[in-house]
């Protein structure tokens with residue numbers, strides 16, 4: 001079997017949910033305080049939740065400001081709405097996942113990641129608003145690598161032609177739409193789930209099944225595609 005490495009055109013952006021559990025580390029005093037107060041009740045918990053939301057909002061504002069040049073037409077109030085919504089969703093995620101905190105970093109560092117990811121997602125959603133989500137590749141030439149030796153270029157051409165036929169013939173229409181949107185066009189999975197009326201879990205399952213089906217077919221053809229069919233970590 002010969003293998004021709006196809007470049008990664010796009011992949012599902014990793015999320016906090018996808019991070020593998022880490023060993024439990026000794027918690028620093030600040031992190032222990034955060035956890036104890038967030039797990040308490042009454043005024044103590046309410047105050048901790050308010051401080052946590054303020055922290056997440058600062059992180060979300062930072063990420064939105066960093067990405068602002070990509071949407072110069074979006075004004076201040078809209079940017080603040082994006083940051084606030086991201087902080088709200090990040091807060092709910094953190095509170096649901098308190099037991100997942102392993103102490104590999106400070107608690108504040110850990111929760112910051114939730115806000116950054118939510119802000120990035122909300123920003124991309126805003127960028128795609130009122131635009132058609134690309135479910136088909138504009139050109140399969142996106143997979144090609146330039147400046148290859150003639151023999152390698154020929155092998156790559158054979159591989160890509162086989163891959164295109166396999167995607168067209170071996171996958172169901174839904175599997176094809178999901179694979180192309182997520183792995184080729186880089187559509188955020190939450191955006192695709194909203195447009196297709198589906199869920200993140202269902203789309204991950206569809207993507208997994210599509211990649212497995214393609215790998216099996218290409219193995220039978222004596223070809224491997226490399227990173228394009230790797231599972232997202």
Filtered residues of region 177-199 (kept if in contact with a helix residue (DSSP H, G or I) (Cβ under 6 Å, 6 or more places away or on another chain) and closer than 17 Å to residue 218 by Cβ): 179
What's the total number of residues in region 60-107 that are without any contact (Cβ under 8 Å) to a residue 12 or more places away in the chain, loosely packed, with under 14 Cβ neighbours inside 10 Å and over 23 Å from residue 31 (Cβ atoms)? 7
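Quick one: which helices (runs of 4 or more DSSP H) lie wholly within region 28-119 and hold at least 2 residues that are under 23 Å from the mean Cα position of the chain (by Cα)?
Working: elements: 29-38, 42-67, 76-96.
The qualifying helices (runs of 4 or more DSSP H) are 42-67, 76-96.
Read-outs throughout are calculated quantities, based only on the coordinates presented, and are distinct from any laboratory measurement. Being a predicted model, the structure only gives us computed values, none of them experimental. Cβ sites come from the backbone with ideal geometry, for glycine too, and all protein chains shown count toward neighbours.
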